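Working notes for the structure below.
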Amino acid sequence: MSTTKTPKRRLQPRSSTLLLIAGLMLTSAVIRISLEAGPAFAKGTSDEAMQAETQPENTPGTRTSSAEFQHLLTLFQERERALEMREKEFEDRRIALEIADEALERKLAALTEAEQKLRKTLALADVAAEDDLTRLTKVYEKMKPKESAALFEEMDSRFAAGFLARMRPEAAAQIMAGLSPTVAYTISVVLAGRNASVPKN
C-alpha cells in the first residue's frame with residue numbers, strides 16, 4: 001500500500017513546475033511578438049499617411065478644390081483679357097481725339113489767318129472805295145451844276161444824297177437848284193434823316 005502512494009506525491013510538484021515554465025515561455029513569446037509588431041504597425045501607418053499626402057487628388061474633396069481653383073483661374077484670365085481689350089479701346093479713342101484736336105487746331109489757325117487776310121482786304125477795299133468816292137465827288141463838284149444835276153436826277157436818292165453830303169455846301173446847293181422839285185425833296189428827306197440819326201451833345 002505504501003509503495004503505490006509515494007510516486008503520486010512526487011509527480012505533483014514536477015507538473016506544477018512544467019506548467020509554470022510553459023506559462024513563462026508563452027508570456028515571453030507574446031511580449032516579443034508585441035514588441036516586434038508595434039514598430040512594424042507604426043511604420044505601416046506612417047507609410048499609408050505619406051501615400052495619402054503624396055496622392056491628394058485621390059480624395060473627393062481635393063478634386064473639388066482643384067476644379068474650383070481652375071474655374072476661378074479661367075474667370076480671372078477672361079477678366080484680364082476683357083480689361084486689356086477695354087484699355088486698347090480707350091487708347092485708340094485717345095489717339096483719335098488727339099488727331100481730331102490737332103486737325104481742329106490747324107483748321108482754326110487757317111480760319112484765323114483767312115479772317116485776318118479778309119479784314120486786310122476789306123480795309124483796303126474800304127480805303128479804295130473811300131478814295132474813289134472822294135475823287136468822284138471832286139469830279140461832280142468841278143462839273144457844271146446843270147450837268148451834275150442831270151446825273152443826280154437819274155441816281156438813287158440815297159446814293160445822290162451821299163455824294164451831296166460830301167460836297168462843299170455851295171456846290172451841293174447849285175446841284176440841288178438844278179434838280180426837279182420831286183427829286184430835290186426826296187434827297188432832302190434822306191439828308192435830313194441822316195442828320196436826325198446823328199447823336200447830339
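The values are calculated or read from the model by the stated rules, or taken from the named source; none is laboratory data. Since we're looking at a predicted model, the values are computed, not measured. Neighbour counts are summed over all protein chains in view; Cβ atoms, including those assigned to glycine, are modelled from backbone coordinates with ideal geometry. Just the protein is used for accessible areas: all its heavy atoms, side chains included, with ligands, DNA and RNA removed. Shrake-Rupley method; radii C 1.70, N 1.55, O 1.52, S 1.80 Å.
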- Using alpha carbon centroids, what distance separates the stretch 127-201 and the stretch 91-117, in Å? 50
- Accessible surface ranking that places the most exposed of Lys138, Lys144 first, with a 1.4 angstrom probe: Lys144, Lys138
- Note on the structure: Between Ser66 and Leu24, the two model label points (7 Å from Cα along the beta-carbon direction) sit apart by a distance in nm of 6.0
- Message: Taking 35 Å as R0, compute the FRET efficiency from the Cβ-Cβ separation of Ala100 and Ala125 and round it to 0.05.
- Response: 0.45
- By a straight-distance test (C-alpha under 17 Å), which aspartates and glutamates pair with Lys144 as possible cross-link partners, with residues fewer than eight away in the same chain excluded? Glu153, Glu154, Glu170
- Note on the structure: When every protein chain stays in place and a 1.4 Å probe is rolled, Tyr140, Tyr185 sorted by accessible area with the largest first are Tyr185, Tyr140
- Assigning unit charges at the beta carbon (Lys, Arg +1; Asp, Glu -1) and nothing else, what dipole magnitude in debye, to the nearest 20, does the stretch 100-201 show about its Cα centre? 440
- Task: Report the full-extension gain for the segment Glu115 to Thr182: residue separation times 0.36 nm, less the Cα-Cα distance, to one decimal in nm.
- Result: 19.7 nm
- Leaving ligands, DNA and RNA out of it, rank Glu153, Glu98 by accessible area with a 1.4 Å probe, largest first. Glu98, Glu153
- Task: At 1.4 Å probe size, with no ligands or nucleic acids counted, give the accessible surface of Met25 in Å², nearest ten.
- Result: 130
- Note on the structure: Taking the stretch 119-201, the whole-percent share of alpha-carbon pairs separated by over 19 angstrom is 42
- Query: Quick one: how many Å² of Ile95 are accessible to a 1.4 Å probe, rounded to 10?
  - Reply: 70
